[in-house]
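Below is one structure, written out as C-alpha cells; comments come after it.
The values are calculated or read from the model by the stated rules, or taken from the named source; none is laboratory data. Not measured: the values here are computed from a predicted model. So basically every Cβ, Gly included, is an ideal-geometry build from the backbone, and we count neighbours across all protein chains shown. With ligands, DNA and RNA removed, areas are computed over all heavy atoms of the protein, side chains included. Shrake-Rupley method; radii C 1.70, N 1.55, O 1.52, S 1.80 Å.
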Amino acid sequence: NVTMVLHDRRDGSTLAALDHGHFGVKMQRSRDGQPFQEVPAPAYPEKPADVVDDDPMIRELISKLLTDAGYQARLCPDAAACLRDMEKEKPDLLLLDVDLPDGDGIELCAAIKKNPETSDLAVILVTGEAVDLGTRVAGLKAGADDYVLKPFDGKELLARVAGILRLTCRSAGA
C-alpha cells in the first residue's frame, strides 16, 4: 500500500489522505478541521480469475501474483478444464494463453464472447505468440479486452487486471 497525504501550502492543514492499495484508492477528505470522511474504493469482484495456460510455471507465477494482490485464482491447464470450471462458477476474469494443447485460445475467447451467459466475462490474452500484429488484432476482434505479452512484468500484468476489472465493475453497476 502507498499512503499519501496532501497538505495546504498556506497553512499546512491536511486536505486529503490517499491510501492506494491493490484494489483502488481510498480517499479521505477534510475541510476546515472537519473529521475525515472515507470515500470507499471501487468494489471489485469476489469471484476468481481463471488462469488458463499449458505451462505450469506460468500458471503458478500468475496465480502467485494474483493471490499476493488479493485476488482469487483458479488454474486450468487447457481449454477443457477452463470450460468445466466455468460451468461450476463463472469467473470475473479470464487470463488466457493463445496456444493451448487442446485448442486455440483466440477461438475459445470468441466462443466465450458469443455465449450470452459469458459474453460479459473480461478476457486478457497472455501469450508469447502475439508479437505479430495479425495475431493481436485477431484476438481483439474475437473479443479479448486486453493483451499481455510473455515475458511480462508482474506489475504490468496486475495493472492491466485492475484496469479491466475497474471497467467491467463500472459497466456492470451501470
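Strands (runs of 3 or more DSSP E) fully within segment 58-127 that include at least 1 residues being open to solvent by 20 Å² or more (accessible area, probe 1.4 Å): 73-76. If the condition is being open to solvent by 60 Å² or more (accessible area, probe 1.4 Å) and either assigned to a loop (DSSP other than H, G, I, E, B) or modelled with pLDDT of 50 or more (or both), then segment 23-36 contributes Phe23, Arg31, Asp32, Gly33, Gln34, Pro35, Phe36. Within segment 138-157, residues that are under 13 Å from Val98 (Cα atoms) reach partners that are charged (D, E, K, R) and at pLDDT below 90 with beta carbons closer than 8 Å, at six or more positions or on different chains, in the pairs Tyr147/Arg136.
Of all residues in segment 37-53, at least one satisfies being among the hydroxyl-bearing types (Ser, Thr, Tyr), at pLDDT below 50 and open to solvent by 20 Å² or more (accessible area, probe 1.4 Å).
Of all residues in segment 128-145, exactly one satisfies the criterion of being touching a strand residue (DSSP E or B) at 6+ places or on another chain (Cβ under 6 Å) and surrounded by fewer than 18 Cβ atoms within 10 Å (Cβ to Cβ), namely Glu129.
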